[in-house]
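This report refers to the structure that appears directly beneath it.
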Amino acid sequence: MVAGTVTSSAVPGASAWDVVVGDRFIVAVAAPSPDITTSALAAAAADDTVTVEALVGMIPLGGADAVESFAIVWWPGPGTDEVTAVVRGDAVVDLTSPGGTRRFDARGIRPWHLADFGSVIALRATGADAPLDRLGESGDPVGHARAGVRASAVEWSAAPPRPRRPDAAVTDADTVLLPRPHDPDTVRSAAEDVPVAGEPADGNADADTVRRPGRPPTRTPNPLREPSDPVAAPAEPMAERAAAASAAPSGAAAEHAAAASARPTAAPDVPAFRIGGGEPHPVTGPVLIGRRPFAPRVPDPHGLAPELVTVASPRAVVSGTHLELRVEGTRVVATDLRSTNGTIVRSATGTRRMRAGESIVVAPGTRLDLGDDTIIEILPAPSAPPE
């Protein structure tokens, strides 16, 4: 089902993983993996209906064959930009989106950590001892879909492989996984299960994260479902920024207000935000906020243009491109773009600092403090019922 390029690499001294590549998944199990696990995964490689819960169930977590570390990447629908990842122990999944690359690890959560991700254009399953390098720099081909290899890392990219030379005697360095038919009704909205700032959370998780690890896997409802991490994506330049900035009074508050009101018209049923005491600013696409925001060099796979919102930071506390806001479904997702001084979240459930690169759903009423008195307040859609 998954179209793209798959490669593997072996680094001397690095953790070794037994990797199985299926039509809808990539699984890396700490080597040597139990024979029963490898056989079950190989049998499921051609199953276009296999679920992530079924894959988790193939890996023993107790007894003599207990697996301490594994990573699962599973594509829920016919597209390649939405993935579900499950990690345990020392396994990690590095994910690249138009906004950059971030690492998803177990964070000590047992028996596993599960999350949904959107706007993914490349990923790597490897060990926590591997550096967070740029993806796609090197690798040997995985011969075909439904293959099994032992490697220190396995990578997938949405980019097509390089054209094969007619006289090539060996497989090129990339492998195409051909699409397979799939029911489009199985595509999920990742935002439905993203961690929510401002809403009650599980007692074992952060204040903005809903986690229910370790329950028997089922699909509807899905007790395993973890928050999604939509990854930062570009936003659209504001055509009226220069005029708004020149017409505004001097001072940080005035500049905040000018930035927030630079796009005055939008659909009435979209969420919004405001900076300081400024006017509500609708979130109709990805919005990048910072001292000198720049759009990513990699275009958004959905063709969404970046909107750049400049805020004042006299002490240079706010990073150049500090925070992204975007709408997933009916909710606003905030992503700290690996800012230097971080982002403080103040919500009904308390106050916490976002991790670098972290994405969370922010409920109406949540305030995001970027520093230098730059406070971003999340507002509900005008027609939305109160939460």
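The values are calculated or read from the model by the stated rules, or taken from the named source; none is laboratory data. None of the values given here were measured: they were computed from a predicted structure. We place every Cβ from the backbone using ideal geometry, glycine too, and count neighbours over all the protein chains shown. Only protein heavy atoms, including side chains, enter the accessible area calculation; ligands, DNA and RNA are left aside. Shrake-Rupley method; radii C 1.70, N 1.55, O 1.52, S 1.80 Å.
Of all the listed residues (V21, V92), the sole one being open to solvent by less than 10 Å² (accessible area, probe 1.4 Å), more than 20 Å from the chain's Cα centre (by Cα) and under 17 Å from R124 (Cβ atoms) is V21.
Exactly one residue out of P314, P364 is in contact (Cβ under 8 Å) with a residue 40 or more places away in the chain, open to solvent by 10 Å² or more (accessible area, probe 1.4 Å), in contact with a strand residue (DSSP E or B) (Cβ under 7 Å, 6 or more places away or on another chain) and not in a strand (DSSP E or B), and it is P364. Only residues that are surrounded by fewer than 20 Cβ atoms within 10 Å (Cβ to Cβ) and β-branched (V, I, T) were counted across segment 24-63, and they come to 5. Does A66 meet the test of being free of Cβ contacts under 8 Å to residues at least 60 places away in the same chain, surrounded by 22 or more Cβ atoms within 10 Å (Cβ to Cβ) and not in a helix (DSSP H, G or I)? Taking the combined requirement at face value, the residue does not satisfy it. Remark: R88 matches the filter, which requires a residue to be charged (D, E, K, R) and modelled with pLDDT of 90 or more. Each residue in segment 334-387 was checked for being of a type in the set (K, R) and in contact with a Gly (Cβ under 8 Å, 6 or more places away or on another chain), and 2 of them qualify. Is there a residue being out of contact with any strand residue (DSSP E or B) (no Cβ under 7 Å at 6 or more places or on another chain) and outside any loop (DSSP other than H, G, I, E, B) anywhere in segment 74-88? No, segment 74-88 contains no residue that is out of contact with any strand residue (DSSP E or B) (no Cβ under 7 Å at 6 or more places or on another chain) and outside any loop (DSSP other than H, G, I, E, B). Kindly indicate whether any position in segment 123-134 is open to solvent by 50 Å² or more (accessible area, probe 1.4 Å), within 18 Å of the chain's Cα centre (by Cα), modelled with pLDDT under 85 and not aromatic (F, W, Y). Yes, that holds for at least one residue.
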